[in-house]
């Protein structure tokens, strides 16, 4: 059985106007220096290691001080869970999952994330998702290494990719060579 069947892509946001409004919000918060360097999760502490992961992140939460952040977190949570329910329908042995962490990601030129898995010691991540927001850049492709094959995902704005977070699904973001790449990553348990 091929593991590729567990990597699914769904159209989560069909309206480009919604994506455009969200990117405007992300550009504003980036200009206000609200994004921080993305860390690599380690055994004892999370540390910034740009040779492994070079990305800026903005936490999205319904507990945030910014009402705009709360709005987008709640809106995206709703859309992602809606697609996760489709995923569960395709794989009935999967139990219901809820989002426990969500981040907006901003990759600039040279930004990347080497092959890694999302679950590990003390993380308890069962499913991962990445919502693609734009495609007006070069490089930055989301890749999976499954079944001894590198699988490159289509970069279509509004698409949500869902997969199991475990060791069977190492994935990476190739280095960005031109433009800015925005996406939203979330983890479910």
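Quick look at the numbers
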item: Separation in nanometres of the label points that stand 7 Å from Cα toward Cβ, at residue 86 and residue 34; result: 2.9 nm
item: Segment 1-109: C-alpha gyration tensor shape, a/c 1.5 cut-off, then a/b vs b/c; result: oblate
item: Tensor-based shape of segment 1-55 (alpha-carbon gyration tensor, a/c under 1.5 rounded, otherwise prolate or oblate); result: oblate
item: Listed residues 80, 19, 162, most fluctuating in the chain (Gaussian network, C-alpha, under 10 Å); result: 19
item: Separation of alpha-carbon centers, segment 110-189 and segment 18-88, rounded to whole Å; result: 14 Å
item: Sequence-separation-based contact order of the chain, relative, with Cα cut under 8 Å and 6+ spacing, percent; result: 29 percent
item: Extension gain, residue 78 back to residue 18 (0.36 nm per residue minus Cα-Cα distance, nm); result: 20.2 nm
item: Cα-based shape type of segment 3-188, given that a ≥ b ≥ c are square roots of the gyration tensor eigenvalues and the cut on a/c is 1.5; result: rounded
item: Helical contribution to [θ] at 222 nm, DSSP H n ≥ 4, -39,500 (n - 2.57), averaged over the chain, rounded to 500; result: -7500 deg cm²/dmol
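Throughout, read-outs are computed from the coordinates displayed, never taken from laboratory work. Everything numeric here is computed off the predicted structure, so don't read it as measured data. Note that each Cβ is placed from the backbone with ideal geometry, even for glycine, and that neighbours are counted across all protein chains shown.
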